[in-house]
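I have placed the structure first, in the form of structure tokens, so that the comments after it can refer back to it.
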Amino acid sequence: MNGEPASTTGIKRGLKYLAIWAVFALLPLAAVAAVNFVVDPFQFFRASNPPHFSNSMQRYQHPGVIRNYPFDSLVAGTSIVGNLQGELFASKQLDSGRVQNLAFWASTLRESAYVVDYALKMKPIHTVYWGVGRQAIMQDYQSEFPNCMYSRVWSWFPYCYLLNADIFMESLWIALNRKGLSEAGWVNSLQEWKAVPFRPRSRQAAACEIVRAVKGDDIAALTRVARENLGPLEGPEINRFRELVLPIVQANRQVRFKFFFTPFQLWQFWYNSAKGRALRTELAIMQTLINEPNVEFHDLTAMVWFTHNPDRYDYIHYDLEGAREVVDALASGTMRVTSMERQKQLWLGEIQAAGDMVQEVVSQSATTKCP
Amino acid sequence: MLFNSYEFIFLFMPVAVAGFALLSRRHHKAALLWLTVVSLVFYAYWDWHSIWILLASMVFNFVCSLIIGRSADPVSRRCLVFGIAGNLVWLGIFKYAGFAVQATNDIAGTHFAVPAITLPLGISFFTFTQIAYLVDVYLRQTSDHDPLRYSLFVSYFPHLIAGPILHHKPMMGQFADPAVARLRIDNWIIGLTYFSIGLAKKLLLADPLGAIASPLFRTAQYGGDLSAGAAWIATSTYTLQLYFDFSGYSDMAVGLSLLFGVRIPVNFLSPLKATSVTEIWRRWHISLMNLLRDYIYTPLSLMLARYAVRRRLGKWPMFLLAVVIPVNITFLVSGIWHGAGWTFIVFGIFTGLAMTLEAAWRRAALPGLPGVAAWFFTMLIFLVSLVLFRSADLATAQRILTAMVQISLPGAGSWTGDPNLVAINFRRLVTLATLASAIVFLAPNSVQIAETIQRLVARREAASARLLSVSMAGLGLLFAVSVLNLGKASAFLYFQF
């Protein structure tokens, strides 16, 4: 391939082939971008009439909602806070105005931070209710996240939206009025958009879940170690939190941030403290934020009347009444964390109670028929 | 920055190529400097915290090479040992310290804190490349100590993160030749051919296959049961995913490099068509295998063979010393090179043993298997090795391998009623598997396609021109379809090494 320079004729011929490549590469891209811009299925450029919102492609839907729909405050987090709908907040007569839920399923802290940051940059926000879930803290992945849609720099040309085959297919189904073929899971209202279905399970299923998870473990020893090692823990997770969340809090002093730990069911609380780093990291998160003037921290794992009741959970989500109680707790401030030391004592008690509960379930497992 | 990202394709690559094109017309050294700077920007864009690790490694090795090159034994030899040890310690700190502490804790029952050190991108690639350079300087096989060309050789962005692993001799030679840097249209045509094919392999095949394989491996990792069907689907789709992912990356690297007029070695030559384990490893990750062959296997084998000859050892002791030991050590190193974990060590040992058995079979002059059977057994061994390679830990690998052998007839329990299989879109799986298999077994590989295009470019007749026009249109379209799938961009699997 390397050798004598090509002749002028050779260069012209070569340029012709390069031009053919470029035309066939760029024309389809331009055509797809044009279709996506005109149809705008995720309402990035303009609100659609009638409105529709995608459930299964929520990462693409948020920017359009933020840009084109009015709200004063927002809820961020994972599916665990998906049922904290605006109407629940409205019924509490809070001063946070119209609340829009922008939590999304299986999101990481990084993704939530992008959503909150974008919303704060795009419009005045009064309060951010930020549910800090364990999965969101511990995992960090970025693939399949349309970063360009959350960038103000690229607002004029969101390339990852316009040059996207999946968006193009959605544009086609909408343009052809064939929404049934869509994979976006369209719903027609903002309330419906974030609703997470609750699928209760039997007591036996709940017990079996515990038995399977702790099979072969010395529960008393794990409980003891968990109590002895309770945080705060420095590590990559808390570094990520400082890198992603703290700057948003500090750059938006006029905004009130109400962070809250979601009410995990008791045995998972124990499991995370005994076998994982999550609980210790959560203490570090609290320590990081508690002295920020525009931050409140609410620990809803202290809602023991339902965290101790497995009937109110499916695998990970709580029931719809739970969502109402979470909003009540946030509104009343009864679960607000005021002292790190008190918080630690509270969690030590919870770990012990959880360990005892797990021990009891396992000791009864001989009579529990697990599939 | 990923090759398969909008930023790279529409911003970084055009700027890098345009800058190089402008500078190379006037000032060769400025063009090389430009390429070095954009390479460092490429690295820093992804992980600017680690740029100092790359720079420190380059400076350390360059200084070592100067001392080795300008002094005689024993100073030269001592400096070589120091240089290699320094590289290995450097690599050990960043890549293996956590694993070593964890392994010590597991084996000795100690409770040392496991350091959480972030693995710098491409550290295994740039460390091994530089060790090879030091050895060759010591052996007086190179005398090129130009700092700019050396910096570019190590940091050259098309290969920096995931190879192919470059050898200094052809690379420094090309960087030294101003004629190479001169823009050539045929290089661009071939470069875009490779790049379009590589991008399509990654985005249209590897990623969708990975979307099927990954949840199944994850299920096994978290203790879930897999049926035989699910286990076989997981391993087969992962094998195809890894092939298309890594060979796609390598094709893109070769193509990108050609845009700058620089040829870098191809890394894959239809490995999944191989009919022996030895052959598969001659066609898979060729640049790593060549490096290990040249710097570990051959010297070790020669040394032990000479020992065996001196001692007048018989046929089988000679075989043990000249083949078995070097092969197994080489593949153990290969396993450790790939990652810090027991799975990689067992992967290396398993592959070494498989190669040993094959070599012993040949040595004993036993009859070979017929083509299809040989291919089948080769793939079986390769699939098992990749289960070890992919699994998060040995328990996961064991769960998958156990599930794979619990085969029963379809409909007899192992293929039906498995929730892992229910979650799979079978139409998609069959389409992907058929397409991927057709490409692997029936289509020419990237090198053959590029050679055909090269021949067409050289010919003048109308039929060739038409065929070339159609080929370029097809490649352009392939590029467009791939770009439209960038929205699901994921990292290349070999970035973690």
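The values are calculated or read from the model by the stated rules, or taken from the named source; none is laboratory data. Predicted, not measured: the structure shown is a model, and the values here were computed from it. Methodologically, a virtual Cβ is constructed for each residue, glycine included, from the backbone with ideal geometry; neighbour enumeration extends over all protein chains shown.
What to note about this one:
- Matching helices (runs of 4 or more DSSP H) fully within the range A:170-266 where at least 2 residues are aliphatic (A, V, I, L, M): A:203-213, A:219-229, A:236-244, A:246-251
- Subset of the range A:45-81 [part of a loop (DSSP other than H, G, I, E, B) and either surrounded by 23 or more Cβ atoms within 10 Å (Cβ to Cβ) or among the hydrophobic types (A, V, I, L, M, F, W, C) (or both)]: A:Phe45, A:Ala47, A:Met57, A:Phe71, A:Gly77, A:Thr78
- A residue that is charged (D, E, K, R), in contact (Cβ under 8 Å) with a residue 60 or more places away in the chain and surrounded by fewer than 18 Cβ atoms within 10 Å (Cβ to Cβ) cannot be found anywhere in the range A:291-308.
- A:Ala34 within 14 Å of chain B (Cβ to nearest Cβ), surrounded by fewer than 20 Cβ atoms within 10 Å (Cβ to Cβ), within 33 Å of the chain's Cα centre (by Cα) and part of a loop (DSSP other than H, G, I, E, B): no
- Hey, B:Gly92 modelled with pLDDT of 85 or more and within 14 Å of chain A (Cβ to nearest Cβ) or not: no
- Looking only at the range A:145-195, and only at residues there that are buried (at least 21 other Cβ atoms within 10 Å of the Cβ) and farther than 26 Å from A:Ala31 by Cβ, the one that is nearest to the other protein chains (Cβ to nearest Cβ): A:Trp193
- Those residues of the range B:164-192 which are at the interface with chain A (Cβ under 7 Å from one of its Cβ atoms) and in contact (Cβ under 8 Å) with a residue 24 or more places away in the chain, in sequence order: B:Val180, B:Arg182, B:Arg184, B:Asp186, B:Asn187, B:Trp188, B:Ile189, B:Ile190, B:Leu192
- Verdict on B:Thr351 being of a type in the set (S, T, N, Q) and under 14 Å from B:Phe382 (Cα atoms): yes
- Residue among B:Ala340, B:Ala322 that is farther than 15 Å from B:Met355 by Cα, surrounded by 13 or more Cβ atoms within 10 Å (Cβ to Cβ) and hydrophobic (A, V, I, L, M, F, W, C): B:Ala340
- In the range B:449-477, the residue that is surrounded by the most Cβ atoms within 10 Å (Cβ to Cβ) out of those that are more than 8 Å from chain A (Cβ to nearest Cβ) and farther than 27 Å from B:Leu269 by Cβ is B:Arg466.
- Count - residues of the range A:306-343 that are within 19 Å of A:Phe89 (Cα to Cα) and hydroxyl-bearing (Ser, Thr, Tyr): 3
- Applying the criterion of being of a type outside the set (S, T, N, Q) and touching a helix residue (DSSP H, G or I) at 6+ places or on another chain (Cβ under 6 Å) to the residues of the range B:162-174, the residue that is surrounded by the fewest Cβ atoms within 10 Å (Cβ to Cβ) is B:Met172.
- When residues of the range A:119-142 are limited to those that are in a loop (DSSP other than H, G, I, E, B), over 18 Å from A:Phe259 (Cα atoms) and not basic (Lys, Arg), the one modelled with the lowest pLDDT: A:Gln142
- Answer residue from the range B:194-231, given it is among the aromatic types (Phe, Trp, Tyr) and touching a residue at least 40 places away in the same chain (Cβ under 8 Å) and is farthest from the other protein chains (Cβ to nearest Cβ) among those: B:Phe217
- Checklist (1) assigned to a loop (DSSP other than H, G, I, E, B); (2) in contact with a Phe, Trp or Tyr (Cβ under 9 Å, 6 or more places away or on another chain); (3) in contact (Cβ under 8 Å) with a residue 60 or more places away in the chain applied to A:Val116, failing item: (1)
- Scope the range A:90-114; condition under 24 Å from A:Ile137 (Cα atoms) and surrounded by fewer than 16 Cβ atoms within 10 Å (Cβ to Cβ); matching residues: A:Trp105, A:Ala106
- Residue satisfying all of: in the range B:360-380; of a type in the set (A, V, I, L, M) and touching a Phe, Trp or Tyr at 6+ places or on another chain (Cβ under 8 Å); farthest from B:Val323 (Cα to Cα) among these: B:Leu369
- Test set (1) farther than 23 Å from A:Gly131 by Cβ; (2) free of Cβ contacts under 8 Å to residues at least 24 places away in the same chain; (3) not aromatic (Phe, Trp, Tyr) - A:Arg203 fails condition number: (2)
- The range B:251-308: number of residues that are over 22 Å from B:Ile131 (Cβ atoms), assigned to a helix (DSSP H, G or I) and of a type in the set (A, V, I, L, M): 10
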